[in-house]
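Worksheet: the structure to be examined is printed underneath.
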Amino acid sequence: MIPWLDSANTFPPLELAQTEPNGLLCAGGDLSPQRIVQAYRQGIFPWFSDGEPILWWSPDPRMVLFPSEFRISRSLRRTLRANDYRIRLDGDFPAVIDACARTRRQGQAGTWITAEMQAAYCTLFERGYAHSVAVRVNDKLVGGLYGLAIGKMFYGESMFSHATDASKIALAHLARFLRKQEFGLIDCQMTTPHLASLGAREISRDDFLARVHELTVIPPPCGRWPIDGASEGWDQETGGMQHDNRIIPPDKAQRGPSR
């Protein structure tokens, strides 16, 4: 039996999370903004399907992406430099979360982004915690992602792609934007080969929590991101990102990668 929360309960210790399924901690409670922000500050997130109670998770290990470690393949670099799309931060949040919910994924019969979850995260967006990255081509929404920012920590929730590399484009612009804003970490929650191919890696829950506790207390406060804040082109972009598995530190960017 896992613990059951009512509206007044605090979350149980993470040591009580199950190993199978990995990270299942407790059930119940609510999706109020206060509850969700409290959960993320403690390394916990909600994840459940229609017909299930609210389930709260904290897996071990945890999949994360350090912004400077986003991996840019040669083909993605060509796409980024072609710049035949537009990036918008926080300008399309309801449309992005709806597209994430509607996109069918291999091996999934439905979506965990229920109407209840969409309403909760739209409220968090109105309060300045939730953010979106949208990719538009000819003014059509073709890809994007959304998540939460608390302090200098970003928690990724979901992404979608209706055109080649559209979700990768969104994540590339997000990683660069967060790196320049001195964010320390992107939480990817669960391990997938797709995220690993983009530079994400597993760390222990203890390591993850230590970083969360450090990063979530750093300003700035929550608030909207500038709509064109991540729209800079990639013609000269090299510093601090991975290119074909070679990390190029910012101080060596003009001299090319080490050999």
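Every read-out reported here was derived from the displayed coordinates using simple, explicitly stated rules and does not represent laboratory data. Not measured: the values here are computed from a predicted model. So basically every Cβ, Gly included, is an ideal-geometry build from the backbone, and we count neighbours across all protein chains shown.
Please rank LYS168, LYS152, LYS180, fewest neighbouring Cβ atoms within 10 Å first, as an exposure proxy. All intermediate terms of the calculation are to be shown ahead of the outcome.
Details: LYS168 24, LYS152 19, LYS180 14.
Starting with the residue having the fewest Cβ neighbours, the order is LYS180, LYS152, LYS168.
For SER197 and GLN38, what is the calculated FRET efficiency with R₀ set at 30 Å and r taken between the beta-carbons, to the nearest 0.05?
0.35
Dividing the convex hull volume of the alpha carbon atoms of the range 16-130 by its residue count, what do you get in Å³ per residue?
It comes to 164 Å³ per residue, whole-number rounded.
In degrees, nearest 10, range 0 to 90: what is the angle between the Cα axis of helix 115-126 and the longest Cα principal axis of the chain?
That works out to roughly 60 degrees.
Relative contact order, percent, of the range 6-111 when contacts are C-alpha pairs under 8 Å separated by at least 6 residues?
Once normalised by length, the contact order is 21 percent.
Just from its helices, what would the mean residue ellipticity at 222 nm be for the chain, if runs of 4 or more DSSP H residues each count -39500 (n - 2.57) and the sum is divided by every residue, rounded to the nearest 500 deg cm²/dmol?
Working: 7 runs with 71 residues, N = 259.
Using -39500 (n - 2.57) per qualifying helix, the result is -8000 deg cm²/dmol.
Counting other C-beta atoms within 10 Å, which of TRP4, TRP56, TRP225 has the fewest, and how do the rest follow?
Details: TRP4 11, TRP56 26, TRP225 18.
By the 10 Å Cβ count, ascending, the order reads TRP4, TRP225, TRP56.
Roughly how many Å is it from the Cα centre of the range 12-48 to that of the range 109-129, as a whole number?
The range 12-48 and the range 109-129 have Cα centres spaced 16 Å from each other.
Where the only charges are on Cβ atoms (+1 Lys, Arg; -1 Asp, Glu), what is the dipole of the chain about its Cα centre, to the nearest 20 debye?
1120 debye
Taking the 0 to 90 degree range and rounding to the nearest ten, how far is the long axis of helix 166-180 tilted relative to the main principal axis of the chain, both from C-alpha atoms?
Taking Cα atoms only, the helix is inclined about 90 degrees.
As a footprinting exposure proxy, order ASP165, ASP84 by other Cβ within 10 Å, with the fewest listed first. Spell out each step's value before the answer.
Numbers: ASP165 20, ASP84 7.
In order of increasing Cβ crowding within 10 Å: ASP84, ASP165.
Round to the nearest 10 and give me the degree value, 0 to 90, for the angle of helix 205-215's Cα axis relative to the longest principal axis of the chain.
70 degrees
Of GLY156, GLY199, GLY28, which is the most mobile in a GNM of the chain whose springs link Cα atoms less than 10 angstrom apart?
In the Gaussian network model the winner is GLY28.
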